[in-house]
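K.L.:
After the structure tokens below, expect a handful of questions from me.
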Amino acid sequence: MGRGRQKAKQTKVARELKYFSPETNYRALEQELTSHGHNDVVTDNRPRAVVETDTDDDSDDYRRWSDDDR
């Protein structure tokens, strides 16, 4: 019996979100896009990719196989 109320509430919330358009602060957006000091919380906390220097001759093997196809 409660499913009808729940669905009606979800529909109401979805409709509010769909048609809600807040005022855009273009000044703050411009400052964020043109700032030279990049401080991104999400990407700053990610571990950096480790660049490995591969000294094996795997690339030579690849070149050998790719040269045969020509």
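K.L.:
In square angstrom, rounded to the nearest 10, how much accessible surface does residue 16 have for a 1.4 Å probe?
P.N.:
Approximately 110 Å² of residue 16 is accessible to the 1.4 Å probe.
K.L.:
Sticking with this structure for a sec: Treat each spin label as a single point 7 Å out from the Cα along the C-beta direction, and report the residue 17 to residue 63 distance in nm.
P.N.:
Simple spin-label model gives 5.4 nm for this pair.
K.L.:
Given points 7 Å out from each Cα along the Cα-Cβ axis, report the residue 7 to residue 33 separation in nanometres with one decimal.
P.N.:
If labels sit at residue 7 and residue 33, their model points lie 4.3 nm apart.
K.L.:
For a quick check of understanding: with a 1.4 angstrom probe and all protein chains in place, what accessible area in square angstrom does residue 35 have, to the nearest ten?
P.N.:
Approximately 60 Å² for this residue.
K.L.:
Near residue 9, within a Cβ-to-Cβ distance under 13 Å, what is the net charge of the other residues, with Lys and Arg +1 and Asp and Glu -1?
P.N.:
Numbers: positive: 3, 5, 7, 12, 15; negative: 16.
Taking every other residue near residue 9 into account, the sum is +4.
The values are calculated or read from the model by the stated rules, or taken from the named source; none is laboratory data. Here the structure is a predicted model, which is why all the values come from computation and not from measurement. Cβ sites come from the backbone with ideal geometry, for glycine too, and all protein chains shown count toward neighbours. In case anyone asks, the SASA skips ligands and DNA or RNA and just uses the protein heavy atoms, side chains included. Shrake-Rupley method; radii C 1.70, N 1.55, O 1.52, S 1.80 Å.
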